[in-house]
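Enquirer: Please read through the structure below; I'll follow up with questions.
Computed from the coordinates by the stated procedures, all read-outs in this text should not be read as laboratory data. Predicted, not measured: the structure shown is a model, and the values here were computed from it. Every residue, glycine as well, gets a Cβ built from its backbone with ideal geometry; the counts of neighbours run over all protein chains shown.
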Amino acid sequence: MRQLGWLGLLFGLSASLIVPATALNREAFTITKYDLEVRLEPEQQRLGARGKITLRNDSAQPQKVVSLQISSSLNWRSIRVDGKSVQFVSQPYASDIDHTGALSEAIVTLPAEIKPKDSVELEIGYEGVITLDTARLTRVGVPEEIAKHSSWDQISPSFTAVRGTGYVAWYPITTESADFSEGNSLFEVVDRWKAREAKEEMKVDLCTGLVDSTMPFMIMNEPPRKEGNGGGYDNHICRLYRFEPLGTVTPTFAIASYVSTFRAPLSLLSMPGHEAGSNIYSRALDPASKFVSEWFGPPSAPVAIADFADPSSAPFESGTLLMASMAAEDSKLAGINLVHELVHSALPSSRPWVYEGLAHFAEAMYRQQQGGREAALDLLGLHRAAFLDSEKEVSAALQKNVGQKNTGQKSVGENGVGQPLATTFDETYSRSKAAYVWWMLRDMVGDDALKQAIRKYRAEDDKDPGYVERLIESAAKRDLSWFFDDWVYHDRGLPDFRVQSVHPWKTDRGVQIITVTLENLGNAGAEVPFTIMCEGGEITKRIEVRAKGTATTRVELPGTASEIVVNDGSVPESDLTNNVFKISTP
Ligand SMILES: [Zn+2]
């Protein structure tokens, strides 16, 4: 949610290929290892990098030509193989994967063909400037003032923050052109890149010059780990960062005259002048820590929240670093931001739907603790729009392939539509849909069982998608395979509930009873709450309604029923317009 936001909908420019696509498979090579020395000169807004990268040919054909891409504001200086300079042509390559809307592409002719699965090591050097650039937004009509709040990446004398793939190609990448005008093309290219790089490694020796003749504070978002992080972040002028592996992280660095407060496991980095907002974070830390420890265990990995110079900058989170403005003195927001990062500290996982899903789920639980269930569902509701449209496409595709589900062999996700949660790198799924899935699991099995399952979770034991299901089933003593099938292992779209029929009646002893049959028109089953409004109050019950199925139950009432409302918003549904059923009095 944080990374995607509204921008994805606004783009409409087309990219043109300069090198004929037929000649070059730009995604043939995966970069399996980065070993870079990156030198920043904030006063000049300059970045210079040199080092080694290892490329593996992941295509089925031998390759002699490699496309290496960096931001169009950077220039290739040298490319060498085995100590010898190799021939390369540098050219602009239009792609919305970079904030400038283009890449500097080096088309490198290797000394010899690289066979499938073989690797080659390249020594590289490049440099240039990274300035605030809203080109890819303003040229499709986003006003500059708005664009700069989301496209905030820059190296500058007072504030530096630069995100990696999808924002600024400050390290080389190998991608096909990404284009906002083609639906989700940008996110598809970025997700594909992340999936290819998840198991690979990056080492960055990041150095910075002084800022205003003082030593600035530097931070990167290393992936979550239990050990080996050197005990947190520090303010050395050069520091080695290791992403081993990269996982889902978008390598990002920030440099400023931060005021740093460290209370294990959290570094709070605030800009001078934002003391009041930073104090709110400090005060919110104890209650947030207490809540997170109870659910997710004690903190382990270091995490950080870093401020922006421009308070209007859109928040961004990746790995163990959340960038969010501390200028606003908003204690609710501080609380949920802290909860989110502390969950990451307590529960490292390389499975995105577990790592991010649990953190967003925890935000909603924390909101419930402070403001009740409705406030929590409102917070979850902000996530719904993110995946609703893609799930509608999935439902439509399923509609066309009736019968496919019953074969039990293929899922929609495997056919290229939709995203099984268990394996997705798509953030709208791994954050937003996953938050709902954890919330539904909690409603189904209760706090105690879910807590028990979460506390037993170990990233190193999470080797197959069924691991999480087994943990929860053994804590809850309940078969959840149907639920995991519909929500985690496959993408079957969303449920769509309606009241199929009601039958009010009275027992011989005058007790009012209502028989309710709910129908689920969707392809994903769920346990859904429904509330019966009646004389003398309302009664809420829960009922499991499987995909394309119905379920019937009887409820005893204190008085005559007038209305039934299905789903309090805790189950994401494709259609909420058919959820209220008026009961006509005979
Ligand atoms: Zn997160």
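Enquirer: Just checking the chain: which Cys have no other cysteine's beta-carbon under 4.7 Å?
Expert: 534
Enquirer: To the nearest whole percent, what portion of all C-alpha pairs in region 146-216 is separated by more than 18 angstrom?
Expert: Details: 1362 of 2485 pairs.
When all Cα pairs of region 146-216 are counted, 55 percent exceed 18 Å.
Enquirer: Treat each spin label as a single point 7 Å out from the Cα along the C-beta direction, and report the residue 575 to residue 113 distance in nm.
Expert: 5.6
Enquirer: Also: If packing is taken as the average number of other Cβ atoms within 10 Å across a peptide's residues, how do 373-384, 507-518 rank, most packed first? Let's see the in-between values first.
Expert: Details: 373-384: 17.2, 507-518: 13.8.
Sorting 373-384, 507-518 by mean packing, highest first, produces 373-384, 507-518.
Enquirer: A further question on this structure: Determine the gain in length on full extension of the stretch residue 35-residue 261; use 0.36 nm per residue of separation and subtract their C-alpha separation, reporting nm with one decimal.
Expert: Details: separation 226, 0.36 × 226 = 81.36 nm, distance 3.04 nm.
Here the answer is 78.3 nm.
Enquirer: Please give the calculated 222 nm ellipticity per residue for the chain, where each DSSP H segment of at least 4 residues contributes -39500 (n - 2.57) and the sum is spread over every residue; nearest 500 deg cm²/dmol?
Expert: Working: 12 runs with 151 residues, N = 586.
Taking each H run of at least 4 residues, the total per residue is -8000 deg cm²/dmol.
Enquirer: Are there any GluC sites (Glu not before Pro) in region 457-554 that are in a DSSP loop and have at most 12 other Cβ atoms within 10 Å? List them by number. Before the final figure, lay out each step's value.
Expert: Details: sites: 460, 469, 473, 519, 527, 535, 538, 544; in loops: 535.
Here the sparse-neighbourhood loop sites are 535.
Enquirer: Now for a different question. Order these peptides, 425-431, 87-93, by their mean beta-carbon neighbour count within 10 angstrom, highest first. Spell out each step's value before the answer.
Expert: Working: 425-431: 24.4, 87-93: 15.9.
Highest mean packing first, the order is 425-431, 87-93.
Enquirer: Also, quick follow-up: Treat each spin label as a single point 7 Å out from the Cα along the C-beta direction, and report the residue 50 to residue 329 distance in nm.
Expert: Taking the simple label geometry, residue 50 and residue 329 are separated by 5.1 nm.
Enquirer: Let me ask something else about it. Give, rounded to the nearest 20 debye, the magnitude of the charge dipole that the chain has about its Cα centre when Lys and Arg contribute +1 at Cβ and Asp and Glu contribute -1 at Cβ. Could you put the intermediate results ahead of the total?
Expert: Numbers: 60 positive and 77 negative charges, 205 e Å.
So the dipole magnitude of the chain works out to roughly 980 debye.
Enquirer: Taking the alpha-carbon centroid of each part, what is the distance from region 418-447 to region 321-365 in angstrom?
Expert: Region 418-447 and region 321-365 have Cα centres spaced 15 Å from each other.
Enquirer: Something else: Using 0.36 nm per residue, how much length does the chain from residue 553 to residue 80 gain when fully extended, once their Cα-Cα distance is taken away? Working shown, then result.
Expert: Working: separation 473, 0.36 × 473 = 170.28 nm, distance 7.21 nm.
Residue separation times 0.36 nm, minus the Cα-Cα distance, leaves 163.1 nm.
Enquirer: Can you tell me the dipole magnitude for region 114-215 around its Cα centre, using point charges on the Cβ only (Lys, Arg +1; Asp, Glu -1), in Debye to the nearest 20? Don't skip to the end; give the middle numbers.
Expert: Values: 11 positive and 18 negative charges, 45 e Å.
Roughly 220 debye, rounded to the nearest 20.
Enquirer: Let me ask something additional. Under unit Cβ charges (Lys, Arg +1; Asp, Glu -1), what dipole magnitude, rounded to 20 debye, does region 455-517 have relative to its Cα centre? Before the final figure, lay out the partial values.
Expert: On the way: 11 positive and 12 negative charges, 94 e Å.
The calculation lands at about 460 debye.
Enquirer: Using a 10 Å cut-off on Cβ atoms, rank the peptides 296-306, 386-396 from the highest mean neighbour count down.
Expert: On the way: 296-306: 21.3, 386-396: 18.6.
So the order, starting with the most tightly packed, is 296-306, 386-396.
Enquirer: Which residue, chosen from 160, 190, 180, occupies the Cα position most advanced towards the positive end of the dipole of region 148-199, where the dipole is computed from +1 (Lys, Arg) and -1 (Asp, Glu) charges on Cβ about the Cα centre?
Expert: Final value for the positive-end residue is 160.
Enquirer: How large is the translational diffusion coefficient of the chain in µm² per second when you combine the Kirkwood radius over alpha carbon pairs with Stokes-Einstein at 20 °C and 1.002 mPa s? Display every interim value, and only then the final one.
Expert: Values: Rh = 25.7 Å.
It comes out at roughly 83 µm²/s.
Enquirer: Would you mind pulling out the separation of the Cα centroids of region 64-94 and region 528-560, in Å?
Expert: Answer, in whole Å: 65.
Enquirer: Apply the Karplus parameterisation 6.51 cos²θ - 1.76 cosθ + 1.60, with θ equal to phi minus 60°, to every residue of region 144-155 and state each ³J(HN,Hα) to the nearest whole Hz, in sequence, with x for glycine and proline.
Expert: My calculation for region 144-155 gives 3, 4, 7, 4, 6, 6, 9, 9, 8, 4, 5, 9 Hz in order.
Enquirer: With respect to the cross-link table entries 456/541; 194/290; 290/456; 52/199; 392/433, which display a Cα-Cα separation exceeding 25 Å?
Expert: Details: 456/541 30 Å; 194/290 34 Å; 290/456 18 Å; 52/199 18 Å; 392/433 13 Å.
As for pairs spanning more than 25 Å Cα to Cα, those are 456/541; 194/290.
Enquirer: For residue 503 and residue 447 in the same chain, what is the full-extension length gain: residue separation times 0.36 nm, less their Cα-Cα distance, in nm? Intermediate values should be presented prior to the final figure.
Expert: On the way: separation 56, 0.36 × 56 = 20.16 nm, distance 3.35 nm.
Using 0.36 nm per residue and subtracting the Cα-Cα distance, I get 16.8 nm.
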